[in-house]
Amino acid sequence: MELNASLSLVRPEIILSFSALALLLLAAWMDQAGRLISILAVAALGAAAALTVSLLGSGSSASAFDGLMVNDAFGNFSKLLIYIAAAVSLTIAPRFLEKAGAMRAEYPVLIVLSCIGMGVMVSATDLISLYIGLELQSLSAYVLASFVRSDGRSAEAGLKYFVLGGLASGMLLFGASLVYGFAGSTNFAAIGLAMDKEVGLGLIFGIVFILSGLAFKISAAPFHMWTPDVYEGAPTPVTAFFASAPKVAAIALLMRIVLEAFGSQVLVWQQIIIAVALMSIIIGAVGAIGQQNLKRLMAYSSINNVGFILIGLATGTEQGIAAMLVYLTIYVAMTFGGFVCLMQLKDKDGNYREEFSDIAGLSKTRPGLAAAFAIFMFSLAGIPPLFGFWGKLVVFNAAVAAGLLPLAVIGISASVIGAFYYLKVVKVMYFDDAVDVIAESDDKVLVWTGGILAAANSPLGYFAIPVLGVWTAVAAKALF
Amino acid sequence: MNAADIPILSIMLAIPMVAAALCLFVRAELARPIAVGATLANFILGGVLWISYDPAGAQWQFTESAQLFGPIGWKLGIDGISLTLIMLSVFLMPICIGASWNSIQKRVGEYMAAFLLMETLMIGVFAAQDLLLFYIFFEAGLIPMYLIIGIWGGQDRIYASYKFFLYTLLGSVVMLIAMLWMIQFAGTADIPNLLNTDFPVQAQTLLWLAFFASFAVKMPMWPVHTWLPDAHVQAPTAGSVILAGVLLKMGGYGFLRFSLPMFPEASANFIPLVFGLSMVAVVYTSLVALVQQDMKKLIAYSSVAHMAIVTVGLFTFNQQGIEGAIIVMLSHGLVSGALFLCVGVIYDRLHTREISRYGGISVNMPKYALLFMLFTMASVGLPGTSGFVGEFLSLAGSYKVSTWATLIATTGIILGAGYMLYLYRRIAFGPQVNADAAAMQDIGGREMWLLAPIAIVVLWMGVYPETFLAPIRRDVATIVDRIERAAPAGDSKLMAVDPTTARFRVAHEPKKDVAEGSH
């Protein structure tokens, strides 16, 4: 294929790459330009997002760079979600980082770089390009986790993330080399053809290692241990970013590799995915019960939610993939909402608070914030009529359609355990006596973002179902 | 249908919703009148619904349909059974708001908003014609009730609210999986279509159990009733009224709307289970009620016993039994609601629910004692009150199926007389041992306005039940026809022709409507 044609297919990545380099140069010449560069980065992400929107409804797919990458509806949908999530994490961050003395220009630049990596991840159709995208994303993420250098917790989180992430990358790479060795190609389509005939032990080992490496990246049990520590230690806007965009990218990547490369041998990976999904749901739910720190609670909540998303993958059907994309979209809105609420928990001296005891009786002192937080919690628990229910419903619907009834019954029953700790947040805010440590929020951006996300998670979100349904269906079709 | 052009059901759903949003933003002095206004407006609309409902017309009336949310259709419509339960909801709602007028002093706006939201969801449950829409309304009720118990409840409110929420959630999530399976099997989520879908008999068993898990908890049936006494005791008075009055009826409505007509064979197979649990419930919870020291707990246990008579009536597979079960549901909704209000009246004065703290109050509260006695008698099932009609019909129906179950279930009436009269004696009669109880004021105008309407309806239902039977008769007959193929043989060996039942089976004889449609 001609180079120009290939380049035109990766326009969002090109825009972001040039923006990242230009912003880095700008940062080198300007002091204290964190805010300006953040705004420019949001604009760049917006431009990249605009390019993906136009392709959402069309089922066309075009391969670039001799099969290294593909530009299709699936990749575009994931990218749109990733860019929006990244833009929101940039928007909500400045005040938090300024307070921590870390509002430096590297923050937006790193996020943009990480977005390029994620864009490559979701459109990669080759193990090589997959790994390049994954590493670009991960390396940016390690730095972001320890972004507040002066804070011991943040530095610890970055180091932990780096060591464990490196281990996971190694496992993934080892699995990739096994798959390459036994299938004879690094291209997904070629691997798929090779697997059509016969699946040897070496190939299965390779698949298991790849899946393990990716399970780490999406913080699915039993590779979830890093999540609570990193989520707790990293600065809250960074945690919000970790819980959203990279998760979308890694899950999309998992979907693509599982279906395009290993799609012909469903039975080989289905049981792994089912086991991982159920473990994530249960560990995420049980682990959260004893937590006192709200960020750790959100970490377990994300483990729990990843389990539900993986149920869609376990079906291996188009409907299941579309359901996962719907769930991912709603999950991003829910989890961002939760973190935006967390970021508003500031005491009168301006210190950020994140313990359960700090939000006792919040509904009396800050009724709006408490109501928004309650909406996100009920939505995460999947209680109708909040929008989170719809995500659970489509995923379980796909599982039922694929005949995975036991999985559906166990999964949904385990969601009741999860409901317990979400209820605990509501209980502490609404039923307990007020302690009055949280001050009025002075950050209008957070208030507005929280309000918009709360409206999206309320029953109003149901009006988005038709559009979401069409886009995800087209996106899922691209993988089959 | 004259009102078909106006989406009256949507309006009834919207009014409390809008009022709830308003209440969140206004002062307490304004929230109370807004709530009363909205609930009264809904009551009037309910009256319009009642008057314009045509018992001989189409099976589903006031239907609305809009594809707003993709796969979830905004489909509403009611038959006679839904109509009566919606009427019960809109009738009790203003009374609940009135009962909370003075007793709720903290966070009034939020309280009223929670109740108004509850009203929307209750009406939605009874009016939804889309399976998923039904589930959303059914489940969503947990959130406001959780808040009502947890914020405005008594001492152990947090334990009670958790127990209520998790118990009922666990019961209904499995039902969701069953619903998804049904929708895929039938290719539609439309309830009227599903009612005429014949599911494979083997699948029916599992589906029935999944629905049973949800409705049995909601009902509640023994042994999953334990959340109810806790929730009732801790909830504020109006919360108990709504819980006993309407929320429990959702379980019975579910059995009637889904379990029976959609899975007739499975329902027939599970009759021994339902009757067995109901028999245990009647005897066991009645005996437990007999030894209670707490007024609310006593009434809560009596609810479980009464609901057991409903389940017995529903699973008789015949017209009498099912009609009786519906009347018990309506009657219990009114009577137990009124009893909780009666408890609330004296609780507001003395702030204790302990029975021994009262005594002889018929001396200083004669009007109250009179009304309380009426509701006690209705709860016992005295002829002339609503309780008698329903219990008699459902037990007469169940006699055709199982004489043993009827025998045991009927002891519930005797035991009911035991615990209710004992309760009444300890509170209203006897020496006035407690000075503070003897000094209580008789009920005032507001309380009279709350209790008198219920008293009138209770007597009306007892003296002329035809008003309430007319709209449901044809719909019950439809269900009976539908489940006829699985109807159990019965062990009572009745005579071949039963003139009373034949006369009331009007489904095949439309000309009888002249006399019976005059509600």
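Just so you know, all these numbers are worked out from the coordinates, no wet-lab data involved. Predicted model only: the values in this text are computed from it and were never measured. Here the Cβ positions follow ideal geometry from the backbone for every residue, glycine too, while neighbour counts run over all protein chains shown.
7 Å from Cα along Cα→Cβ at both A:Asp349 and A:Val470: what's the point-to-point distance in nm?
Modelled inter-label distance: 5.5 nm.
Please give the length that would be gained between A:Ile132 and A:Phe205 if that part of the chain were fully extended, namely 0.36 nm times their separation in residues minus their C-alpha to C-alpha distance (nm, one decimal).
On the way: separation 73, 0.36 × 73 = 26.28 nm, distance 2.19 nm.
Extending this stretch completely gives an extra 24.1 nm.
With labels modelled as points extended 7 Å from the Cα through the Cβ direction, what inter-label distance (nm, one decimal) is found for A:Ile14 paired with A:Leu159?
Those two pseudo-labels are separated by 4.3 nm.
Taking GluC sites (Glu not before Pro) that fall in a DSSP loop and have at most 13 other Cβ atoms within 10 Å as cut points, what is the longest piece of chain A between them? Don't skip to the end; give the middle numbers.
Working: sites that count: A:Glu2, A:Glu198, A:Glu440.
For GluC sites (Glu not before Pro) (loop position, at most 13 other Cβ atoms within 10 Å), the longest site-free span of chain A is A:199-439.
Would you mind ranking B:Trp50, B:Trp222 by Cβ crowding within 10 Å, fewest neighbours first? All intermediate terms of the calculation are to be shown ahead of the outcome.
Values: B:Trp50 16, B:Trp222 22.
Fewest to most other Cβ atoms nearby, the residues stand as B:Trp50, B:Trp222.
Give me the inter-chain shielding for B:175-185: mean count of other chain Cβ atoms within 10 Å, whole number please. Could you put the intermediate results ahead of the total?
On the way: counts 1, 11, 10, 3, 3, 11, 6, 1, 3, 3, 1.
Average neighbour count from other chains, rounded to a whole number: 5.
With viscosity set to 0.692 mPa s and temperature to 37 °C, compute the Stokes-Einstein D of chain B, Rh being the Kirkwood radius across alpha carbon pairs; µm²/s, no decimals. If you can, show how the numbers build up before the last one.
Working: Rh = 22.9 Å.
After rounding, the answer is 143 µm²/s.
When only alpha-carbon atoms count, how far does the protein assembly as shown stretch along each of its three principal axes, as whole angstroms with the largest first?
91, 64, 50
With +1 on the Cβ of every Lys and Arg and -1 on the Cβ of every Asp and Glu, and nothing else charged, how large is the dipole of chain A about its Cα centre, in debye rounded to the nearest 20? List each step's numbers first, then the result.
Numbers: 25 positive and 28 negative charges, 96 e Å.
Using Cβ point charges on Lys, Arg, Asp and Glu, chain A gives about 460 debye.
What's the angle, to the nearest 10 degrees (0 to 90), between helix A:388-401's Cα axis and the longest principal axis of chain A?
30 degrees
Among B:Ala378, B:Ile413, B:Ser394, which residue has its Cα furthest toward the positive end of the charge dipole of segment B:283-519, with +1 on Lys/Arg Cβ and -1 on Asp/Glu Cβ?
B:Ile413
Please give, to one decimal in nm, the separation of the simple spin-label points placed at B:Leu273 and A:Ala62, each 7 Å out from Cα toward the Cβ.
It is 5.9 nm.
In whole Å, what three semi-axes, largest first, describe the equivalent ellipsoid of segment B:283-519 built from its Cα gyration tensor (square root of 5 times each eigenvalue)? Each step should come with its number before you reach the end.
Numbers: eigenvalues 283, 79, 28 Å².
With the √(5λ) rule applied to segment B:283-519, the semi-axes are 38, 20, 12 Å.
In chain B, which longest range has no trypsin sites (Lys or Arg not before Pro) that are both DSSP loop (not H, G, I, E or B) and surrounded by at most 14 other Cβ atoms within 10 Å?
Numbers: sites that count: B:Arg27, B:Lys106, B:Lys493.
Looking at chain B, B:107-492 is the longest stretch - no exposed trypsin sites (Lys or Arg not before Pro) with at most 14 other Cβ atoms within 10 Å.
Using Cβ counts within 10 Å as a stand-in for footprinting exposure, how do B:Val201, A:Val88, B:Val174 rank, fewest first? Numbers along the way, then the final one.
Details: B:Val201 13, A:Val88 25, B:Val174 21.
Fewest-to-most Cβ neighbours within 10 Å comes out as B:Val201, B:Val174, A:Val88.
Can you work out the PRE-style zone for B:Ile158? Point 7 Å along Cα to Cβ, and I want the residues of segment A:406-442 with backbone N under 18 Å.
Of the residues in segment A:406-442, A:419-437 have backbone N under 18 Å from the label point off B:Ile158.
Rounded to the nearest 0.05, what FRET efficiency do A:Phe174 and B:Ser65 give with R0 = 51 Å and r taken as the Cβ-Cβ distance? Could you check?
Values: r = 57 Å, r/R0 = 1.11.
For A:Phe174 and B:Ser65, the calculated efficiency is 0.35.
Given R₀ = 41 Å, what would the calculated FRET efficiency be for B:Thr403 paired with B:Gln432, taking r from the Cβ atoms and rounding to 0.05?
On the way: r = 47 Å, r/R0 = 1.13.
The formula returns an efficiency of 0.30 here.
Using 29 Å as the Cα-Cα cut-off, could you pick out the over-long pairs in A:Lys99/A:Lys392; A:Lys364/A:Lys392; A:Lys427/B:Lys296; A:Lys346/A:Lys424; A:Lys295/A:Lys348?
Details: A:Lys99/A:Lys392 37 Å; A:Lys364/A:Lys392 31 Å; A:Lys427/B:Lys296 24 Å; A:Lys346/A:Lys424 21 Å; A:Lys295/A:Lys348 20 Å.
Over 29 Å Cα-Cα: A:Lys99/A:Lys392; A:Lys364/A:Lys392.
Can you give the Kirkwood hydrodynamic radius for chain A, in Å, rounded to one decimal and based on Cα pairs?
Computed over Cα pairs of chain A, the Kirkwood hydrodynamic radius comes out at 22.2 Å.
As I understand it, the value is the acute angle between the Cα axis of helix A:266-289 and the longest principal axis of the Cα atoms of chain A; what does it come to in degrees, rounded to 10?
10 degrees
Starting from 0.36 nm per residue, how many nanometres of slack lie between A:Ser458 and A:Leu193 once their C-alpha separation is accounted for?
Numbers: separation 265, 0.36 × 265 = 95.40 nm, distance 4.52 nm.
Working it through step by step, the gained length comes to 90.9 nm.
Assuming R0 = 35 Å, what is the FRET efficiency of A:Gln292 and B:Glu354, from their Cβ-Cβ distance, to the nearest 0.05? Please report the intermediate quantities before stating the final value.
Working: r = 38 Å, r/R0 = 1.08.
E(calc), rounded to 0.05, equals 0.40.
For the Cα atoms of chain A, what angle does the longest principal axis make with the long axis of helix A:11-29, in degrees from 0 to 90, nearest 10?
With rounding to tens, the tilt is 50 degrees.
Which residue, chosen from A:Ser146, A:Leu16, A:Gly368, occupies the Cα position most advanced towards the positive end of the dipole of chain A, where the dipole is computed from +1 (Lys, Arg) and -1 (Asp, Glu) charges on Cβ about the Cα centre?
A:Gly368
How big is D for segment B:96-200, in µm² s⁻¹ as a whole number, if Stokes-Einstein is applied with the Kirkwood radius of its Cα pairs at 20 °C and 1.002 mPa s?
Working: Rh = 15.6 Å.
Estimated diffusion coefficient is 137 µm²/s.
Over the whole of B:67-74, what's the average partner chain Cβ count within 10 Å per residue? Rounded to a whole number, please. Write down the numbers at each step before the final one.
Values: counts 1, 4, 9, 11, 7, 4, 0, 1.
Mean inter-chain Cβ contacts per residue within 10 Å come to 5.
Where does each of B:Trp227, B:Trp404 land when they are ranked from fewest to most other beta-carbon atoms within 10 angstrom?
Working: B:Trp227 20, B:Trp404 12.
The fewest-first ordering by Cβ neighbours comes to B:Trp404, B:Trp227.
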